[in-house]
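Peer 1: One structure is given below, represented as structure tokens, and several questions about it will come after.
Coordinate-derived values only; no laboratory data. These numbers were taken from a predicted model, which means no experiment stands behind them. Neighbour counts run over all protein chains shown; Cβ positions are idealised from the backbone, glycine included.
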Amino acid sequence: MPTCSTLPARDSLGMTLLTVECALDEASLFRAGLSIEEAEEMRRCAAWTTTYPLQRVKKRRRVEAICPMLAPSLTSRGLRFAHAPIGEREPSFDRLDDLLREAADRFESEVDCPDPRLKCLVVVIPDVRGGRLLEATEPRREIKNELLRRGILVGEFFPSCPFATTFNPRLFALRSPSPMYVLRSFIESDWRFICQVPAWQQTYRDRFGEPPPRLRHLGGPLWRLKQKIGWRLDALRRRFNPGGSDPAALEP
């Protein structure tokens with residue numbers, strides 16, 4: 001396990017793997033070769049990643065953390081960060097594919113955890129336009145399904161990410177301070193994140209079989225209709241009551 005005193009060197013794509021402690025400590029980031037601006041951006045992303053998803057919200061009949069996997073991942077020391085400056089706002093898809101494949105290799109070989117389900121690698125890509133991350137992993141491209149077949153789920157986070165949580169269409173929990181890819185272990189409950197794409201559904205079934213009964217409705221016609229209605233109602237609320245209270249407000 002890398003520590004703050006033994007930081008790994010940058011590789012050919014400029015990716016530096018860091019522990020949580022290193023990513024939160026600017027002095028350690030300077031020793032890893034980051035500039036003052038890069039270190040501040042990385043520290044800000046690490047602080048957001050390790051605190052915001054822990055906040056508790058209403059999820060229908062229960063109250064729990066936005067991401068219930070984060071706390072056990074932190075406890076098990078299964079979370080790592082990587083700094084991957086590309087230097088372009090609109091990198092080619094091939095370059096982003098290469099970055100994701102390298103991140104996946106590093107995830108598999110260097111992110112260690114007693115429970116492999118809790119492994120997670122956050123790749124901060126400060127220069128890239130956030131929407132470019134989505135364009136590179138859209139369903140008609142193969143890279144996301146390629147990583148799913150390897151047992152890795154990729155998420156796209158950036159300040160203006162348009163996707164709401166599956167449990168609340170008014171909570172945009174993927175709006176991180178800077179653009180970043182998040183790689184973590186693909187698990188059975190992830191049906192909710194891949195259920196709208198037939199190719200991803202097939203990869204899921206090849207790996208896990210049919211989804212759990214409580215998740216099987218997700219991705220179906222009625223579920224999609226409810227999602228669309230929720231989005232339209234939310235748009236109307238924002239249009240006619242822009243100063244109203246946020247129904248997705250976090251609980252203390």
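Peer 1: Using every pair of alpha-carbon atoms in the range 16-240, split the distances into 5 Å bins beginning at 0 and state the percent of pairs per bin, rounded to integers.
Peer 2: 1, 6, 13, 17, 21, 18, 12, 7, 3, 1, 0
Peer 1: Give, rounded to the nearest 20 debye, the magnitude of the charge dipole that the range 19-93 has about its Cα centre when Lys and Arg contribute +1 at Cβ and Asp and Glu contribute -1 at Cβ.
Peer 2: Details: 12 positive and 10 negative charges, 181 e Å.
Around 880 debye, computed over the range 19-93.
Peer 1: For the range 48-147, what is the charge dipole size about the Cα centre, in debye to the nearest 20, if Lys and Arg each add +1 at the Cβ and Asp and Glu each add -1 at the Cβ?
Peer 2: 960 debye
Peer 1: Give me the distance in nm between label points sitting 7 Å out from Cα along the Cα-to-Cβ direction at E138 and R205, one decimal.
Peer 2: 2.6 nm
Peer 1: Assigning unit charges at the beta carbon (Lys, Arg +1; Asp, Glu -1) and nothing else, what dipole magnitude in debye, to the nearest 20, does the range 16-240 show about its Cα centre? The partial results should precede the final answer.
Peer 2: Working: 39 positive and 30 negative charges, 384 e Å.
Dipole magnitude for the range 16-240 comes out near 1840 debye.
Peer 1: Return the whole-Å distance between the Cα centroid of the range 9-88 and the Cα centroid of the range 158-198.
Peer 2: The range 9-88 and the range 158-198 have Cα centres spaced 16 Å from each other.
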